[in-house]
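Only one structure is covered here, and it is reproduced in the block below.
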Amino acid sequence: MTGQVEGKVALVTGGASGIGEAVVELLAKEGATVIATDVDELRGPDVVARLTKAGGKAIFLEQDVTSEERWAEVAAEIAKRYGRLDVLVSNAGIGIAVPSITDMTLADWRKQNAINLDGVFLSVKYSLPLMRKHGGGSIIMMSSLAGLRGAAGLAGYSATKGGVRLFAKSIAMECAAVGDGIRVNSVHPGIIDTPIWGKIPTGAAGAGQNAPIDPEERAKMATPLGRAGRAAEIASGVLYLASDASRYVTGTELVIDGGMNAGAVPRRA
């Protein structure tokens, strides 16, 4: 099946790399006009150039999702160019790991909250009016397996992703209550092989170094399917929620984690 989001206009935050990049690529391939935003002003345009060369419809806008002023500008640009918004993928996020919550600085706590929670709040605040003007749409918030269960060393991250999970449910109920035709769901990836693993600060506060994390090795030990997921596999789930195939799905969680949340299996030698 092709053209699953043909004619739709989609906004993807954090669209320059990792899961966001895979989502931008797949939505464009399936017929959507995609607005990819990111703080990465170098990689973002390259992603869009590659897609447009292949015949896709996409633009890049630089955006810090924590800036309300920039959100107003992005929403105005979308309204001017397209006059509508059908899909919002609120994907931008960061992860900060520490040996203990007592090692986390207040500055890091606030930074993570600003991107992972404030950014999602602002995405909804400024996208909903555009979506309601056209009569409906789909909001997809990128949470995490860490938003469903606890994780040692990731208490701050889990707090933000758990917040995203319940924020999605609440907005889903708000939209259903007014009958605006907007569905809202959250996606919960497990261990996915993306560049974010090399960007997660670890160690005691002030260490100033990132310990290398191998997602494949972690997944072999922790995931029933025995491997890390791929960004494209998360993008496929996002495509389903963005398309009309999920028109009766709202207020729920799509868990894509290789079975981690279900339980554990014994490993054979």
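The values are calculated or read from the model by the stated rules, or taken from the named source; none is laboratory data. Computed from a predicted model, the values in this text were never measured in an experiment. Cβ placement follows ideal geometry from the backbone for every residue including glycine, while neighbour counts extend to all protein chains displayed. Heavy atoms of the whole protein, side chains included, go into the accessibility calculation; ligands, DNA and RNA do not. Shrake-Rupley method; radii C 1.70, N 1.55, O 1.52, S 1.80 Å.
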Where the centre of each part is set by its Cα atoms, how far does the range 89-103 sit from the range 151-193, in angstrom? 16
Using only the Cα atoms, what convex hull volume per residue in Å³ does the range 98-180 have? 80
Would you calculate the volume per residue, in Å³, of the smallest convex hull containing every Cα atom of the chain? 137
Using the alpha carbon gyration tensor of the range 7-155, what are the three equivalent-ellipsoid semi-axes (square root of 5 times each eigenvalue), largest first, in whole Å? 28, 17, 14
Point-to-point label distance, Ala232-Asp108, nm (Cα→Cβ direction, 7 Å offset): 3.5
In vacuo Debye sum over C-alpha of the range 34-79, base-10 log of normalised intensity I(q)/I(0) at q = 0.30, 0.32 Å⁻¹, listed in q order, is -1.05, -1.11
For the charge dipole of the chain, defined by +1 on Lys and Arg C-beta atoms and -1 on Asp and Glu C-beta atoms about the Cα centroid, which residue among Gly119, Thr2, Met131 has the Cα displaced farthest towards the positive pole? Thr2
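If each DSSP helix of 4+ residues adds -39,500 (n - 2.57) and the sum is divided by the residues in the chain, what number results at 222 nm, nearest 500 deg cm²/dmol?
Values: 8 runs with 106 residues, N = 269.
Using -39500 (n - 2.57) per qualifying helix, the result is -12500 deg cm²/dmol.
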Of Lys125/Lys169; Lys57/Lys161; Lys8/Lys161; Lys8/Lys57; Lys80/Lys133; Lys8/Lys133, those spanning more than 19 Å from alpha-carbon to alpha-carbon: Lys57/Lys161; Lys8/Lys161
Name the most mobile residue of Thr105, Thr223, Thr250, meaning the one with the largest mean-square fluctuation, in a Gaussian network model of the chain with Cα contacts below 10 Å. Thr105
Stretch Lys125-Ala155 to full length: gain in nm at 0.36 nm per residue minus the Cα-Cα span? 8.2 nm
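Ignoring ligands, DNA and RNA, what percent of the accessible area of the chain is carbon or sulfur (1.4 Å)?
Values: 6930 of 12680 Å².
Of the solvent-accessible surface of the chain, carbon and sulfur hold 55 percent.
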Sites matching trypsin sites (Lys or Arg not before Pro) across the range 220-269 that sit in DSSP coil, with at most 16 neighbouring C-beta atoms within 10 Å: Arg227, Arg230, Arg247, Arg267, Arg268
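Measuring with a 1.4 Å probe in the full set of protein chains, what accessible area per residue, in whole Å², belongs to the chain? Intermediate results must be reported in sequence, preceding the final value.
Numbers: 12680 Å² over 269 residues.
Normalised by residue count, the accessible surface of the chain is 47 Å².
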Based on the Cβ-Cβ distance from Lys133 to Val265, what FRET efficiency comes out when R0 is 45 Å, to the nearest 0.05? 0.40
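Please give the charge dipole size of the range 224-269, origin at the Cα centre, charges +1 on K and R Cβ atoms and -1 on D and E Cβ atoms. Round to the nearest 20 debye.
On the way: 5 positive and 4 negative charges, 61 e Å.
Around 300 debye, computed over the range 224-269.
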